[in-house]
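This report refers to the structure that appears directly beneath it.
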Ligand SMILES: *Cc1c(COP(=O)(O)O)cnc(C)c1O
């Protein structure tokens, strides 16, 4: 199956669906069993079935199965938000005394999270670039994971997964990739050596800007050496499913960051048009970036532009698709604000991956809790505007940005 076909046919819903074309919405908290004995079996993983939506729900499972199939993973776990998914992945692996190598180009909330994790004895080492050389040089015996975004939001730096995953393999460290901005339309990180993929499915996967959610996909290939990862010992018997079993039976279930069935349903509907939307959004983003590049008073950053330092990698790794985020520098914070306020077809909003174009000034919003140095290392300057390009007609978008820029 090619991509758009697989969005519709990769994971059949195997419930009692009466021929429903979409997995039905099971908007319930609990599932009654025919007997006390049966409920005992379900609770103890001795029988398939559902007991309580925090632990499992058929609509949520249907979403998880579709994402796992789409990413080529052995299992997926859905969460209440992208941040919940990132937190669950990290805490499923790391314990006090552990260290993690992370890129400076991360989403602001994720940088904040690494700050919070210090209180639990987990130390993040920020690398200006996640490369084979940097990972190899920085890894020590306490390094238990590498965490990076594939296309940084909003730095728009691109990671060479084939070489970074080689460094991780040599050091026996799992590579965790936040692929929110790339989406499975552009790349399957698991096929390029990543071990675990996370998405804020609030973004392109949902696509309509109507539900907050996150999802974790495990490739099942990482060998959890129980000497280095002692908390995996009780799960070693699950072989390739050790990571997902540990998550489901432990931290994810007990911290309670489950996905609501309604939001899972909205994601399933959205996911079916991911290919169409991304094709359009990426195409629009490239044309808009080319337009910005033709102007003298605007500096543009987009990985699929030949002027980007990531152009070659975007061609080879991402089949030339640069994603749907473009950043521009307007010259000053005042100019950035004026420009944003003059645009008619872009909402000033903190989100990406909506069908409509959104703009934000990251320095005063998403990165307001970060230090000046963290902001600059994340590619966020005082005059940076992040544009999440939507599906509007490109001529309208270009005309709109042209008049807004001329108003400066
Ligand atoms: C939005 C975003 C997140 C956080 O996801 P939420 O669903 O808002 O919790 C994490 N990583 C990236 C790259 C994002 O864009």
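Under the classification rounded if a/c is under 1.5, otherwise prolate if a/b is larger than b/c and oblate if not, where does the stretch 149-304 fall, given a ≥ b ≥ c as square roots of the Cα gyration tensor eigenvalues? Intermediate results must be reported in sequence, preceding the final value.
Numbers: a/c = 2.83, a/b = 1.53, b/c = 1.85.
Oblate, because a/c is 1.5 or more while a/b does not exceed b/c.
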*Got a sec? How would 356, 18, 375 order by Cβ neighbour count within 10 Å, fewest to most?*
18, 356, 375
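Counting only DSSP beta bridges with both residues in the chain, what percent are antiparallel, rounded to the nearest 5?
The antiparallel proportion sits near 55 percent.
What order do you get for 243, 120 when you list them from fewest to most C-beta neighbours inside 10 Å?
Working: 243 27, 120 12.
Result, fewest neighbours first: 120, 243.
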*Sorted from largest down, give the three principal axis spans of the alpha carbons of the chain, whole angstrom values.*
72, 53, 37
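Per 0.36 nm of contour for each residue apart, how much would the distance between residue 272 and residue 17 grow if the chain were fully extended, relative to their Cα-Cα spacing?
Numbers: separation 255, 0.36 × 255 = 91.80 nm, distance 1.82 nm.
90.0 nm is the gain from fully extending residue 272 to residue 17.
Calculate the FRET efficiency for residue 237 and residue 350 from the Cβ-Cβ distance with a Förster distance of 41 Å, rounded to the nearest 0.05.
Values: r = 44 Å, r/R0 = 1.06.
Efficiency for this residue pair is about 0.40.
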*In the stretch 320-408, what percentage of the DSSP-assigned beta bridges are antiparallel, given to the nearest 5?*
75
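What shape does the stretch 275-363 take by its C-alpha gyration tensor, where a ≥ b ≥ c are the square roots of the eigenvalues and a/c under 1.5 counts as rounded, a/b above b/c as prolate, and the rest as oblate? Mind dumping the intermediate values first?
Working: a/c = 2.17, a/b = 1.34, b/c = 1.62.
Here the stretch 275-363 falls in the oblate category.
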*Spatial separation of Cα centroids for the stretch 256-318 and the stretch 156-211, in angstrom*: 14
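When the Kirkwood radius is taken over all Cα pairs of the stretch 76-204, what Stokes-Einstein diffusion coefficient follows at 20 °C and 1.002 mPa s, in µm²/s?
Values: Rh = 14.4 Å.
Translational diffusion coefficient: 149 µm²/s.
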_Helix-derived mean residue ellipticity, 222 nm - over the chain, DSSP H n ≥ 4, -39500 (n - 2.57), to 500_ = -11000 deg cm²/dmol
*Can you bin the stretch 304-405 into rounded, prolate or oblate? Criterion: square roots of the alpha carbon gyration tensor eigenvalues sorted a ≥ b ≥ c, rounded for a/c under 1.5, prolate for a/b above b/c, oblate for the rest.*
oblate
*May I ask you to sort 296, 354 by Cβ crowding, counting other Cβ atoms within 10 Å and putting the fewest first?*
296, 354
_Stretch gain in nm, segment residue 307-residue 140, where the contour uses 0.36 nm per residue and the Cα spacing is subtracted_ = 56.6 nm
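Values in this text are rule-based calculations from the coordinates and carry no lab data. The shown structure was predicted, so the numbers you read here are calculated from the model rather than taken from an experiment. Here the Cβ is made from the backbone with ideal geometry for all residues, glycine too, and neighbour counts use every protein chain on show.
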